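Step one of this worksheet: look at the structure below.
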Amino acid sequence: MSLKLIHFPLTRSLRVAWAIHELGIDAEIETRPFDRPKLKEAEYLAMNPTGKTPVFFDGDKRII
């Protein structure tokens, strides 16, 4: 199982990162600086078409 969180500090993704930590789940957490205009760029919109945070991957499944 491959879990990955795209995390932006001081956003709702903090709750997901915190839950991963508290539950002791083995997951990759990719922390990115929060920059609102970058959330509207094509690279991020390909992961999350709503342009919001967070984005969580469970293998090939994406949760936004």
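Tabulated data
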item	result
Calculated FRET value between Arg12 and Asp60, using beta carbons and R₀ = 30 Å, to 0.05	0.85
Partner aspartates and glutamates for Lys4 [C-alpha distance under 17 Å; skip if fewer than 8 residues away on the same chain]	Glu22, Asp26, Glu28, Glu30, Glu43, Asp58, Asp60
Two-site FRET efficiency, Glu43 against Leu23, from Cβ-Cβ distance with R₀ of 25 Å, rounded to 0.05	0.30
Within the chain: Cβ-based charge dipole about Cα centre, in debye rounded to nearest 20 (Lys, Arg +1; Asp, Glu -1)	340 debye
Cα-based radius of gyration of the chain once divided by 2.2 N^0.38 Å, which approximates compact folds	1.07
Å² of accessible area per residue within the chain, as computed with a 1.4 Å probe and no ligands counted	72 Å²
Angle in degrees between helix 13-23 and the longest Cα principal axis of the chain, rounded to the nearest 10	10 degrees
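The values are calculated or read from the model by the stated rules, or taken from the named source; none is laboratory data. The shown structure was predicted, so the numbers you read here are calculated from the model rather than taken from an experiment. Every residue, glycine as well, gets a Cβ built from its backbone with ideal geometry; the counts of neighbours run over all protein chains shown. In case anyone asks, the SASA skips ligands and DNA or RNA and just uses the protein heavy atoms, side chains included. Shrake-Rupley method; radii C 1.70, N 1.55, O 1.52, S 1.80 Å.
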